[in-house]
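Here's the structure we're looking at; comments come further down.
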Amino acid sequence: MQLEPDDREAILDYMDEFVPYDIINVKGKEYVLTYSGIRNFKAGISLEDYAVQDFVLNEPHMGDSYFDDKTLVFALSPEEGDGGKIIKGKNIISLNFPAESPEDDSTLACIRLDDMKEFYIE
């Protein structure tokens with residue numbers, strides 16, 4: 001299958017704008033937002049030196065350690081037994097989001113970083 005030129009251009013534009021992580025500052029505290037943590041994380045290595053796959057193909061665990069001076073926030077399907085809740089660890093926050101299956105009854109977890117208020121959407 002070959003894409004039409006306009007479709008191909010649209011996909012390339014999307015990929016060109018894709019950002020695998022973002023760093024934001026909320027009330028003087030820095031947060032690193034990713035999809036799935038950072039695969040093969042090593043302190044002292046710049047985030048710019050990681051490949052896109054390191055931000056989207058990781059399988060993080062709440063015991064993982066990332067930053068001393070920033071909080072890593074990632075959104076990933078819920079780990080077994082987390083009850084679909086937001087899980088907070090030392091400088092790490094895991095957000096649950098529903099799986100792609102329409103049969104999935106997971107709850108979407110959201111957090112407001114300025115006051116850590118949690119919201120759940122069914």
query: When region 25-62 is examined, which residues are found to be surrounded by 12 or more Cβ atoms within 10 Å (Cβ to Cβ) and assigned to a strand (DSSP E or B)?
result: Val26, Lys29, Glu30, Tyr31, Val32, Leu33, Thr34
task: Write out, first by first residue and then by second, each pair whose Cβ atoms fall under 7 Å of each other, whose residues are 6+ apart or on separate chains, and whose first residue, in region 101-122, is over 14 Å from Ala75 (Cβ atoms) while the second is modelled with pLDDT of 80 or more and of a type outside the set (A, V, I, L, M).
output: Asp114/Lys27
- prompt: Would you pick out the residues in region 48-89 that are at pLDDT 90 or above and of a type in the set (Ser, Thr, Tyr)?
  reply: Tyr50, Tyr66, Thr71
query: Only one residue in Val32, Val26 is under 21 Å from Ile111 (Cβ atoms), touching a helix residue (DSSP H, G or I) at 6+ places or on another chain (Cβ under 9 Å), touching a residue at least 12 places away in the same chain (Cβ under 8 Å) and not charged (D, E, K, R), so which one is that?
result: Val32
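The values are calculated or read from the model by the stated rules, or taken from the named source; none is laboratory data. All of these numbers come straight from a predicted model, not from anything done at the bench. Positions of Cβ are generated from backbone atoms using ideal geometry, with glycine treated the same way; all protein chains shown enter the neighbour counts.
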